[in-house]
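Working notes, structure below.
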Ligand code: SAH
């Protein structure tokens, strides 16, 4: 797969969305949002390339992570998402400002632009507008004390956000089938504001096939799936609590972000929220072959 097709995954697919500006690519250059300070087209690493051939400014950006410059950049990114109406909730804005995306994006990538980024193993960290949209859609189901399952947790960014929202009395579980990404996500979380929750046991990440969910701690108030399923996995539907909500991209080439609500009587309502482009929810072997 070309790096162009690859980088488009993890963002909205709708051409009418002004946010697509930040995901648009051409064969030779990429246009990032105004928040990016990277001044020139640069060669974006393909999935098979290592991340060391990067623009020096981008290396500096990583160096600045955690500093007051990083904080200013996160605030700018959140403001941008508010301006475009993606973030409406104070809680979502707060959690996205608290969990520093810069700690989750592999070194050499610009962390604070509204674009998905490769994380290796044919996977991406989703674009900030997708993270924000999913947090907004799930907010009511991420109240203190609730249980959240993040399937295809990748970098651990959203799992950390969920953990912050449900707090130490709640439970946030990430499921990722690439063990190296599980280790990467645990390292990332340990550097972030969610580290005490990982230590305290209300946040955990497990190497497993997320299509089977995580029955040990079911049922869940919120289930997020970060990879596109060809159909909604029955185990996930089963593990959703009555009154709970699942947000899941479904489809192959054309995918819809579906909002699945389980009513208190156990009946299910499903609606399409947006056209999106995610990496597939698949077997580990198929993903690594891609
Ligand atoms: N929300 C994550 C998205 C990562 S991309 C983030 O923003 O960091 C999707 C992830 O789903 C990848 O890490 C991929 O390895 C994982 N994945 C795909 N199929 C899976 C499966 N069957 N079980 C668990 N994880 C899976």
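Brief remarks follow.
- Full extension of the chain between residue 231 and residue 143 yields a length gain of 28.9 nm, computed as 0.36 nm times the residue separation minus the alpha carbon distance.
- Cα-based radius of gyration of region 92-236 once divided by 2.2 N^0.38 Å, which approximates compact folds: 0.94
- In this label model, residue 288 and residue 207 are separated by 1.0 nm, measuring between points 7 Å along each Cα→Cβ vector.
- Sequence of 150, 221, 187, 114 once ranked by neighbouring C-beta atoms within 10 Å, starting from the fewest: 187, 221, 114, 150
- Values of log10 I(q)/I(0), in the order q = 0.17, 0.21, 0.24 Å⁻¹, for region 61-143 under a Debye, Cα-only, solvent-free model: -0.66, -0.97, -1.19
- In nm, spacing of pseudo-spin labels at residue 263 and residue 83 (7 Å Cα→C-beta vector): 4.2 nm
- In nm, spacing of pseudo-spin labels at residue 191 and residue 107 (7 Å Cα→C-beta vector): 0.8 nm
- The convex hull drawn around the Cα atoms of region 184-290, when projected onto a plane and averaged over every direction, covers 7.9 nm².
- Convex hull volume of region 192-248 per residue (C-alpha atoms, cubic angstrom): 108 Å³
- Sorting 254, 162, 104 from the fewest to the most surrounding beta carbons within 10 angstrom yields 254, 104, 162.
Taken together, the values in this text are just the output of simple stated rules run on the coordinates, not laboratory data. Just so you know, these numbers come straight off a predicted model, no measurement behind them. So basically every Cβ, Gly included, is an ideal-geometry build from the backbone, and we count neighbours across all protein chains shown.
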